[in-house]
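Below is one structure, written out as structure tokens; comments come after it.
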Amino acid sequence: MSRSQEFRAAVVKVKPSPSPAESVLLDEACRLIDRLDRFDELLAGDREAWASVKWPYEGEPAELIVNSVLSEARAHTAELRQVLKALDLPVAKAAADGPSKLKVLLGGATG
């Protein structure tokens, strides 16, 4: 099960009847989680799509193109924070030295 599927299941447990707007926000949060997972794979070198080679025509030099994965990952992280805030999920408070709210929500720890 992917992290976005785990997240969706955890949200459905705490909000079994989301409004239409909340459903749209949940879909967007899941897409962002999936994209961030792919960005992590690219940044860790587990995927090879982070770079491509533009082959020359008629004696021009080849060009290596590296995508801006890190800046995209940062932008998506900021967007995910906003979507999660807008969802206003009822999450148990975690102790100051305990797990994060997101970890509690994902079922990784108890709050």
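The values are calculated or read from the model by the stated rules, or taken from the named source; none is laboratory data. Bear in mind that the values here come from a model prediction, so they are computed numbers and not experimental data. Cβ atoms come from the backbone with ideal geometry, glycine included; neighbour counts cover every protein chain shown.
Checked against the criterion of being out of contact with any helix residue (DSSP H, G or I) (no Cβ under 7 Å at 6 or more places or on another chain), surrounded by 10 or more Cβ atoms within 10 Å (Cβ to Cβ) and modelled with pLDDT under 85, the candidates Pro61, Pro56 yield just one match: Pro56.
Do we find that Glu41 is at pLDDT 90 or above, among the acidic types (Asp, Glu) and outside any loop (DSSP other than H, G, I, E, B) in this structure? Before the answer, list the steps.
Details: at pLDDT 90 or above: no; among the acidic types (Asp, Glu): yes; outside any loop (DSSP other than H, G, I, E, B): yes.
Spelling it out, it is not the case that Glu41 is at pLDDT 90 or above, among the acidic types (Asp, Glu) and outside any loop (DSSP other than H, G, I, E, B).
Is there a residue in the range 90-110 that is loosely packed, with under 13 Cβ neighbours inside 10 Å, at pLDDT 80 or above and outside any helix (DSSP H, G or I)? No; the residues of the range 90-110 include none that is loosely packed, with under 13 Cβ neighbours inside 10 Å, at pLDDT 80 or above and outside any helix (DSSP H, G or I).
Close Cβ contacts (under 6 Å, 6 or more residues apart or on different chains) running from residues in the range 25-43 that are touching a residue at least 24 places away in the same chain (Cβ under 8 Å) to residues that are of a type in the set (Phe, Trp, Tyr) and part of a helix (DSSP H, G or I) comprise Ile33/Phe7.
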